[in-house]
Amino acid sequence: MQKGDIAKLKLLLAGISARMTKNRDYFIRAVCTFTSGKKKFDAELSLDGQNWALRFQGSTSPTDAAAFCAFFASEAEKFDESVLVYTERSAVVTLSATSRGVQMKQAEREASDEEKANAANPLLDSGRQYLIRVDQAAALLREIGILTADGKLKNDMIRKYNQIDHYVELVAPMFEQDDSDEIVLLDCACGKSYLSFVMNYYLHEVLHRRCRVIGVDIKEHVIDESRAMAKRLGYHNMSFQCADLRVYQPPKNVTAVISLHACDIATDLALATALRARAKYIACVPCCHKELLDQYTMPGLEPLTRHGVFKARFNDVLTDSMRALKLEAEGYKVSVVEYISPLDTPKNLLIRAVRTGRENRRAKADYEAVRRTLGTTSELDRRCMDMENEFFITDEDLIP
């Protein structure tokens, strides 16, 4: 190679080295092919946990991103043609050095003909642009039970698939506008973590964003299974913790808190965790409501709740509307939408909130007035009171 080509190769390799370090959680493999005449020599880079290993000419040695790229640059000068194929979960980068010069190409992984055929199903909405595409997200959808073992879409799971994709569609604007270097997503009361896995796929594979996803649940067996799923999928940027949200301390710089069908006060605990973390975004789908059912009164309107079914339905509306108002009182801009048909489940409200960083005195006054009228105190109220009464020692307090 000419000096100019060597300089260009090293410059491009510096970019790949930085990418390997930044995106190590998404790394799959890097394969080198060196050609001299009719002879070819292969090398492969792999990642086991935190350790990089380079296999070349029958031996394997530890390495790192910078050393691997230096290795390729050095070997490329000795051969007629050298090709590096670097593969991440959603992209393939090909760097070639030949007598004709140095070139680099990047492409998204193309679905195979078999994957495209498996994705075809007459029960799908043909006019819809799915964000989590069957032909691209086969490994994920197979893991969460949407696809069969051979990659075909299950007819009885199409409704669930549509629900998942529509949820992503409704929260997508939050993340599309976000400018964080890394998105930190916290799934509270994550259960089997299907939503965590889908959001992780969307953030990295669709939006091409660096992200870290954390799932928290009080049940140890679902956390164990979530960890196993993450390992099978190779999602190294995901972690799961068995913890009670009442005492859980969220990490710093949480971008978003999500929660799907956390039962009763678990939804309040999820919202309180989001407030404690000062999350930029909240996307919560509440489930059953019980806590306020025996608390609330409607002065002057008691005859309307004489029948138990009406009292329960009023309770559902009161609980979620008060949650939305409480988030406004805490400085969030809130919207509430039906994210799926009520024919699928009556628990179909999605509460979306974006932190404004501004105090909302009117919403606070409205919330307290409503709470006094109804005579209620929710778990969310108690969690917020606890946060107000917390005592923090700052570095300044320790200076004599």
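List of remarks:
- Odd one out for Y339 among (1) of a type outside the set (D, E); (2) open to solvent by 50 Å² or more (accessible area, probe 1.4 Å); (3) touching a Phe, Trp or Tyr at 6+ places or on another chain (Cβ under 6 Å); (4) at pLDDT below 90: (2)
- Residue match in the stretch 142-164 (condition: open to solvent by less than 10 Å² (accessible area, probe 1.4 Å), part of a helix (DSSP H, G or I) and either touching a residue at least 40 places away in the same chain (Cβ under 8 Å) or of a type in the set (K, R) (or both)): no
- All of L327, L349, L301 fail the test of being aliphatic (A, V, I, L, M) and open to solvent by 60 Å² or more (accessible area, probe 1.4 Å), apart from L301.
- Scope the stretch 165-205; condition in a helix (DSSP H, G or I), open to solvent by 50 Å² or more (accessible area, probe 1.4 Å) and more than 17 Å from E225 (Cβ to Cβ); matching residues: H166, E169, P173, E176
- Going through (1) open to solvent by less than 40 Å² (accessible area, probe 1.4 Å); (2) modelled with pLDDT under 95; (3) under 20 Å from the mean Cα position of the chain (by Cα); (4) under 25 Å from I164 (Cβ atoms) one by one, V254 falls short only on (2).
- Number of the exception - A73 against (1) free of Cβ contacts under 8 Å to residues at least 12 places away in the same chain; (2) not in a strand (DSSP E or B): (1)
- Test: residue in the stretch 218-237 that is crowded, with 20+ Cβ neighbours inside 10 Å, in contact with a Gly (Cβ under 9 Å, 6 or more places away or on another chain), not in a helix (DSSP H, G or I) and not acidic (D, E): no
- Residue in the stretch 3-62 that is surrounded by the fewest Cβ atoms within 10 Å (Cβ to Cβ), counting only those that are of a type in the set (S, T, Y) and free of Cβ contacts under 8 Å to residues at least 40 places away in the same chain: S59
- Taking the listed residues L271, L318, L327, the one that is in contact with a Lys or Arg (Cβ under 7 Å, 6 or more places away or on another chain), part of a helix (DSSP H, G or I) and at negative phi is L271, with no other qualifying.
The values are calculated or read from the model by the stated rules, or taken from the named source; none is laboratory data. Quick caveat: nothing in here was measured; it's all calculated off a predicted structure. A quick note on method: Cβ atoms are made from the backbone with ideal geometry, for glycine too, and the neighbour counts reach across all protein chains shown. For accessibility, only protein heavy atoms count, side chains too; no ligands or nucleic acids. Shrake-Rupley method; radii C 1.70, N 1.55, O 1.52, S 1.80 Å.
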